[in-house]
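Accompanying notes for the structure given below.
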Amino acid sequence: MTKDQLLTRLLSRRRALLAGAAAVGAAGTAGLFAASTGDTPKRPVLPAAGPPAHRPLKPSAYRLQPLTGYGPPRTAPRRTPVRHEPLLRVSGRGRTMVLTFDDGPDPRYTPHILDTLAEYDVRAMFFVCGEMAVDNKDLLARMSDEGHVVGNHTWSHPLLTRLSRGRIRSEMERTCDVIEEAYGERPQWFRAPYGAWNRAAFQLGAELGMDPLAWTVDTLDWTAPAARTIVGRVENGAAPGVVVLSHDAGGDRSQSVRALRDYLPQLLDSGYHITVPRRQYA
């Protein structure tokens with residue numbers, strides 16, 4: 001047998017072995033589905049297809065966890081370092097936690113949240129959208145008076161990863177201006193809508209004097225669960241340094257209001273210190 005004939009035979013045998021392994025794997029998978037149902041083999045149920053590319057993505061596609069990455073920008077436009085990923089946790093003495101509320105302010109829900117925070121003498125962070133803030137400047141003024149921190153959550157809550165740098169800057173800058181007018185100073189913190197960050201968001205945020213802050217525990221209150229479900233998520237996720245994400249606008253937030261009334265005193269009774277973070281880069 002020549003060398004070429006031997007090589008051809010070896011290749012044919014390898015192909016046959018691979019085909020056999022694939023067949024066994026497929027049969028095993030089918031058997032697993034059959035065993036789990038007790039019926040004849042069924043194909044696995046796949047998640048529903050996402051929305052068409054030309055339609056905006058739903059919040060659920062991005063709110064499950066912050067999206068980070070894209071690497072650091074090539075040049076830093078300010079003297080202090082530009083973060084290339086958002087902060088997920090905060091440092092502090094003892095059992096420190098941070099409560100954050102996004103998408104507001106909303107005159108239907110934000111005042112009730114502020115009332116609860118005031119009752120327990122607790123400070124929180126509010127990442128506001130410019131289009132909401134411009135019509136509710138009195139609520140931003142109240143946040144300032146009561147010691148809360150107001151951050152930038154863009155003007156219209158778009159998916160930044162689909163915008164040009166110019167559009168991203170406009171979304172951020174317009175909101176900075178409204179916050180400064182109503183709150184009394186420009187924001188020092190920024191949170192990308194849906195937790196979708198990219199290089200431009202990090203760099204432009206830094207140019208506007210803001211640090212990026214994400215979250216550790218998502219209450220998923222934007223899915224409108226029962227208040228007890230929100231409470232359970234906060235209590236199960238409570239830990240030193242945790243940043244909790246909730247919402248005071250963007251839909252019916254009555255359950256978020258009720259949940260805060262329940263879990264806030266429980267956190268305090270458990271020895272947690274609810275505070276607001278200090279910037280790493282002054």
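The values are calculated or read from the model by the stated rules, or taken from the named source; none is laboratory data. Owing to the predicted nature of the structure, the values given are computational and were not obtained by experimental measurement. We place every Cβ from the backbone using ideal geometry, glycine too, and count neighbours over all the protein chains shown. Each accessible area value is taken on the protein alone, full model and side chains, heavy atoms only, with ligands, DNA and RNA left out. Shrake-Rupley method; radii C 1.70, N 1.55, O 1.52, S 1.80 Å.
Given the conditions (1) buried (at least 19 other Cβ atoms within 10 Å of the Cβ); (2) of a type in the set (Ser, Thr, Tyr); (3) in contact with a Pro (Cβ under 7 Å, 6 or more places away or on another chain), report the number of the one that THR175 does not fulfil. All conditions are met except number (3).
Filter segment 110-130 down to the residues that are assigned to a helix (DSSP H, G or I), free of Cβ contacts under 8 Å to residues at least 60 places away in the same chain and under 18 Å from TYR263 (Cβ atoms), then identify the one that is most open to solvent (accessible area, probe 1.4 Å).
Going through the qualifying residues, I end up with GLU119.
The set of residues in segment 209-229 that are under 18 Å from ILE113 (Cα atoms), over 16 Å from the mean Cα position of the chain (by Cα) and either hydrophobic (A, V, I, L, M, F, W, C) or surrounded by 21 or more Cβ atoms within 10 Å (Cβ to Cβ) (or both) comprises ALA224, ALA226, ALA227. Could you check ASP106 against (1) acidic (Asp, Glu); (2) over 25 Å from LEU220 (Cβ atoms); (3) assigned to a loop (DSSP other than H, G, I, E, B) and say which number it fails? (2) is the only condition that ASP106 fails. With respect to (1) out of contact with any strand residue (DSSP E or B) (no Cβ under 8 Å at 6 or more places or on another chain); (2) touching a residue at least 60 places away in the same chain (Cβ under 8 Å); (3) under 28 Å from ARG142 (Cβ atoms), the lone exception for GLY195 is condition (1). Among the residues of segment 223-246, those identified as of a type outside the set (Gly, Ala, Ser) and either touching a Lys or Arg at 6+ places or on another chain (Cβ under 6 Å) or over 17 Å from PHE127 (Cα atoms) (or both) are THR223, PRO225, ARG228, THR229, ILE230, VAL231, ARG233, VAL234, GLU235, ASN236, PRO240.
Can you tell me which residue within segment 190-203, out of those that are aliphatic (A, V, I, L, M) and either surrounded by fewer than 23 Cβ atoms within 10 Å (Cβ to Cβ) or within 23 Å of SER254 (Cα to Cα) (or both), is farthest from the chain's Cα centre (by Cα)? Walk me through it before giving the result.
Initially, segment 190-203 is screened for residues aliphatic (A, V, I, L, M), giving 192, 196, 200-201.
Add one more test, that the residue is either surrounded by fewer than 23 Cβ atoms within 10 Å (Cβ to Cβ) or within 23 Å of SER254 (Cα to Cα) (or both), and what stays is 196, 200.
Values: ALA196: 8, ALA200: 17 Å.
Checking each candidate, the answer is ALA200.
Residues in segment 131-170 that are in contact with a helix residue (DSSP H, G or I) (Cβ under 6 Å, 6 or more places away or on another chain), open to solvent by 20 Å² or more (accessible area, probe 1.4 Å) and of a type in the set (Ser, Thr, Tyr): 2 in all.
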